[in-house]
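So the structure is just underneath, and the comments pick up after that.
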Amino acid sequence: MKTAYKRPASSLMPGYSSNAVLQLIIACGVGYVAFFFTVVCFQAFAHYRYEDAHDKVIQMIALPAVKGYGVRWWTIFTYGWSHTGFWVWFSNMIWLYCFGAIVQSLVGHRQIIPLFFTGLLAGGIVYLLAQLVPGIVAGRTYLLGAEAGIIALAVASLTIAPDYRLYLGDRLAIPQVIIVAVFVLLQVVTNTNLNPSLLLLLAGGALAGFLYVKALQGSYNPGEWVYDTLEKIGRSFTPDEEKARHKLNKKRNQVLSRMYEPKEGITQKRIDELLDKIIQHGYHSLSKEEKETLFNAGKDSDQ
């Protein structure tokens with residue numbers, strides 16, 4: 001008998017550092033606000049009309065039709081982080097939380113951002129390539145929104161745990177397959193004239209989610225490179241404490257060495273040993289004889 005998965009209540013809202021779903025929602029929110037803030041700046045400082053400013057900004061970040069992609073190659077990395085309207089953004093964030101929270105509870109938070117980004121990238125590529133097929137044109141002049149990344153999370157959650165249920169109370173449980181079906185249906189219904197290129201955008205994101213999970217199940221972690229890269233960047237800006245301490249000790253040793261030069265009966269090796277002892281354990285750790293040795297070396301050097 002198949003087992004229905006139930007998410008523990010404690011996993012609904014983990015801390016921010018281990019809640020990649022919340023991080024994505026905030027990132028998309030920042031992208032949405034930044035988009036319209038830039039439009040307003042164009043209006044205020046460049047004296048554009050709102051419609052002209054809106055078109056100017058959207059051309060810089062939205063995914064264009066394949067004919068115009070060559071001069072805006074970066075848009076495949078930016079189109080999924082903003083939205084054209086508040087309610088579009090709001091509804092997408094609800095879906096993002098719904099599917100992302102399931103995946104996060106099942107495979108951990110470190111898979112969410114790579115999976116979402118992979119879905120956006122795959123969906124965008126399929127969207128552009130589809131337009132090279134005769135008879136298929138772009139549904140919109142410019143494409144903006146996170147739908148490809150969201151459907152990647154939806155299909156990933158369905159692939160990992162097809163019998164997963166969302167519990168709304170003690171008795172009401174909704175199979176996630178129904179929730180995924182509702183999301184896909186809404187995307188199809190809102191797709192004007194059922195344009196094939198937009199449908200293939202969703203298909204590309206869905207395929208990315210499926211293959212990502214299959215890679216995880218095959219003991220390969222396709223998203224670990226993201227966090228490895230971020231950690232390397234972080235370390236490059238954060239000094240290594242051990243190296244910094246070694247560098248400081250080396251500098252102190254050089255200063256102290258200049259104060260104490262080897263004299264008759266006192267070798268450089270002996271002075272170095274005493275200086276190392278001071279650096280490691282402090283001056284108070286020296287015996288009376290050792291203090292006198294350093295005193296004599298320093299006294300002679302001052303003469």
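The values are calculated or read from the model by the stated rules, or taken from the named source; none is laboratory data. Keep in mind it's a predicted model, so treat the numbers as computed, not measured. Cβ sites come from the backbone with ideal geometry, for glycine too, and all protein chains shown count toward neighbours. These area figures cover heavy atoms from the full protein model, side chains too; ligands, DNA and RNA do not enter into them. Shrake-Rupley method; radii C 1.70, N 1.55, O 1.52, S 1.80 Å.
Taking only protein heavy atoms and a 1.4 Å probe, the accessible area of the range 108-207 is 69% carbon and sulfur.
Note on the range 11-64: with neighbouring protein chains present and a 1.4 Å probe, carbon and sulfur make up 69 percent of its accessible heavy-atom surface.
Give me the 1.4 Å probe accessible area per residue for the range 82-175, excluding ligands and nucleic acids, in Å².
On the way: 3880 Å² over 94 residues.
Counting only protein heavy atoms, the per-residue value for the range 82-175 is 41 Å².
Filter the trypsin sites (Lys or Arg not before Pro) in the range 95-193 down to the DSSP loop ones having no more than 12 other Cβ atoms within 10 Å, then list what survives.
R171
If each residue of separation counts as 0.36 nm, what is the full-extension length gain between D52 and L168 once their alpha-carbon separation is subtracted? Don't jump to the answer; show the numbers that get you there.
Values: separation 116, 0.36 × 116 = 41.76 nm, distance 4.56 nm.
Once the chain is fully extended between D52 and L168, it gains 37.2 nm.
For the pair V137 and S287, the difference between a 0.36 nm per residue extended length and the Cα-Cα distance amounts to 45.3 nm.
Rolled with a 1.4 Å probe across the full set of protein chains, the surface gives F37 an accessible area near 130 Å².
Here the peptides 68-77, 121-130 are ranked by packing, the mean other Cβ count within 10 Å, and the order with the highest first is 121-130, 68-77.
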